[in-house]
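What follows is a short report on a single structure.
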Amino acid sequence: MEHFLDIFEAGLNKHDETLCGDKVKVHRGEDRTIIVLSDGLGSGVKANILATLTSEIIMTMLAADVGIEDVISTVIGTLPTCKIRNIAYATFTVIQISHSDHSFKVINFDNPPTMHFRRGKILPTERKEYEILGKKIRMFEGQLKLGDFLGAMSDGVTYAGMGVTMNYGWGWNNIAGYIEERWRTHYWCARNVVQDVIGKTRSLYGDSAGDDATFVGVFVRPVKYLTIFTGPPLDKADDARITERLLAAPGVKIVCGGTTANIVAEQLGQVLKADLESLRSDVPPFGSLPGVDLVTEGILTMTKALEYMREADGRPDRLPSDRNAATLLATQLLMADHIDFLVGQTINEYYQNPLLPKSISIRKHLISELREFLTEHRKEVHTEYF
């Protein structure tokens, strides 16, 4: 079973601040995933610049395979120290996870310790301490298994409620206990854990955060696959081969396009059924075929689904609640990790823009837009044309 690193982050800005002084960057390379959480000193514009600069330096150097000691030396040597408080202008946490065996390394500079959960229980970690340019760096290593969760945070989370609902703030141990207590009934993905922790943080602050607070989580779960067949192939001889590929693909299977749906129905020897109750003024109804999870119209529905996803900023919980073909398609796209588009290149003259050359169809352009959006939202997207 293939494992997927489900990563999600959320945070709160300090009360009355437009910009957040925390910054999270994520890089998924071929052999490893890198996560950087940086916390700039103070809040507002200055803190945001410091956190952004720190995370950019770290991520750029690590992605270029620069050694971690050189990276840390560069960051510490580059950023100034507050002369009054004698502390760094930016703190950071770095998580590196190998794709081959899911071993990980956490490097921490003055941020709260990273949490590692297994089966919903916090694991003890043996942290090693190093000194680089006079600064203490804490590091620990481990192995991620299916169902494990890593959580990293800025101190705005641990200090939540200080002087408001608690004398000394929420605290690392209480946060760990909170996650353990709610694990079995509330958590199945990184988003759930992170949003729950940040929601509790907001509540402890009395809806008026005294500091920027950010929480980023990594949840290890099975990969969610999605395959979409859209558009008739140029060669009708490919109809059977592509249909067979679609039905044999792992995970969710979707057909987009009336002609494409008829191709699949013909190959299956089945009749396409439409759900007329799902018909909307701007979205055609969805249909059903044996062995296929969702059947929709093509261009109009995919365009509307992309519109919904953009308005929801890539978050499935912010999609419209109306059960129509576009919302169902958008939900499946945002819930998937690995998406395969099988795209036929026969042009439907009804939809073709006369200003575009025949080699550039509206469908191909739309698939390109979908791919760009989904890739920006950390989906692995593959496109194959026929």
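The numbers here are math on the coordinates, done by the rules we state, and not lab data. Please read all numbers here as calculations on a predicted model, not as lab measurements. Note: ideal-geometry Cβ built from the backbone for every residue, glycine included; neighbour counts use all protein chains shown.
Remark: Phe140, Phe92 ranked as Phe140, Phe92, counting other beta-carbon atoms within 10 Å and listing the fewest first. How big is the gap, in Å, between the Cα center of the stretch 285-330 and the Cα center of the stretch 3-22? With the stretch 285-330 and the stretch 3-22 each reduced to a Cα centre, they are spaced 27 Å. Can you classify the stretch 37-178 as rounded, prolate or oblate using the Cα gyration tensor, where a ≥ b ≥ c are the square roots of its eigenvalues, rounded means a/c under 1.5, and otherwise it's prolate if a/b beats b/c and oblate if not? Oblate.
Angle of helix 68-78 to the longest C-alpha principal axis of the chain, folded into 0 to 90 degrees and rounded to 10: 70°. Here Val271, Val220, Val197 are placed in order of increasing Cβ neighbour count within 10 Å, fewest first, which gives Val271, Val220, Val197. Specify whether the C-alpha gyration tensor of the stretch 225-385 places it in the rounded, prolate or oblate class, a ≥ b ≥ c being the square roots of the eigenvalues: rounded for a/c under 1.5, otherwise prolate if a/b is larger than b/c and oblate if not. Here the stretch 225-385 falls in the rounded category. Its convex hull of Cα atoms gives the chain a direction-averaged projected area, equal to a quarter of the hull surface, of 22.5 nm². Extension gain, Glu180 to Gln270, is 27.5 nm, computed as 0.36 nm per intervening residue step minus the present C-alpha separation. If R0 is taken as 25 Å, the Cβ-Cβ distance between Glu372 and Glu69 corresponds to a FRET efficiency of 0.10. The DSSP beta bridges internal to the chain are antiparallel in roughly 75% of cases.
Here is the list for the stretch 1-105: GluC sites (Glu not before Pro) lying in DSSP coil, each with at most 16 other C-beta atoms within 10 angstrom of its C-beta, are Glu2, Glu30. Restricting the stretch 110-168 to GluC sites (Glu not before Pro) that sit in a DSSP loop and have at most 16 other Cβ atoms within 10 Å of their own Cβ leaves Glu126.
Across the stretch 72-163, the mean sequence separation of Cα contacts (distance under 8 Å, 6 or more residues apart), normalised by length, yields a relative contact order of 27 percent. Here the label points at Ser321 and Leu133, each 7 Å from Cα along the C-beta direction, are separated by 5.2 nm in the simple model.
With 27 Å as the limit on Cα-Cα distance, the pairs of Lys14/Lys224; Lys23/Lys105; Lys224/Lys364 that go past it are Lys14/Lys224. Dividing the mean sequence gap of close Cα pairs (under 8 Å, 6+ apart) by how many residues the chain holds gives a relative contact order of 14 percent.
Using DSSP to call loops (not H, G, I, E or B), can you name the trypsin sites (Lys or Arg not before Pro) in the stretch 120-213 whose Cβ has at most 16 other Cβ atoms within 10 angstrom? Answer by residue number: Arg127, Lys145.
In plain terms, the residue of Trp170, Trp188 with the fewest other Cβ atoms within 10 Å comes first and the most crowded comes last, giving Trp188, Trp170. Site pair Arg118 and Leu300 shows an inter-label distance of 5.4 nm when each label is modelled 7 Å from Cα along Cα→Cβ. Tell me the angle of helix 258-268 to the major Cα principal axis of the chain, expressed in degrees between 0 and 90 and rounded to the nearest ten. In the chain, helix 258-268 runs at an angle near 80 degrees to the longest axis. Here the simple spin-label model places points 7 Å from the Cα toward Cβ, and for Thr346 and Val223 these points are separated by 3.1 nm.
Counting only DSSP beta bridges with both residues in the stretch 73-225, the antiparallel share comes to about 95 percent. Segment Thr78..Glu311, full-extension length gain: 80.0 nm, with 0.36 nm per residue of separation and the alpha-carbon distance subtracted. Once the Cβ-Cβ distance of Tyr168 and Glu141 is raised to the sixth power relative to R0 = 30 Å, the FRET efficiency obtained is 0.50. Say R0 is 51 Å: what FRET efficiency, to the nearest 0.05, do His15 and Glu277 get from their beta-carbon distance? In this case the efficiency is close to 0.65. With contacts taken as Cα pairs under 8 Å and at least 6 residues apart, the stretch 3-222 reaches a relative contact order of 27 percent.
Computed per residue of the chain from DSSP H runs no shorter than four, each worth -39500 (n - 2.57), the mean residue ellipticity at 222 nm is -10500 deg cm²/dmol. Could you tell me how many degrees, from 0 to 90 and to the nearest 10, lie between the Cα long axis of helix 362-376 and the main elongation axis, the longest principal axis, of the Cα atoms of the chain? It works out to around 20 degrees. Annotation: amide H-H contacts under 5 Å for Ser43 (H modelled 1.01 Å from N, sequence separation of 5 or more, or interchain): none.
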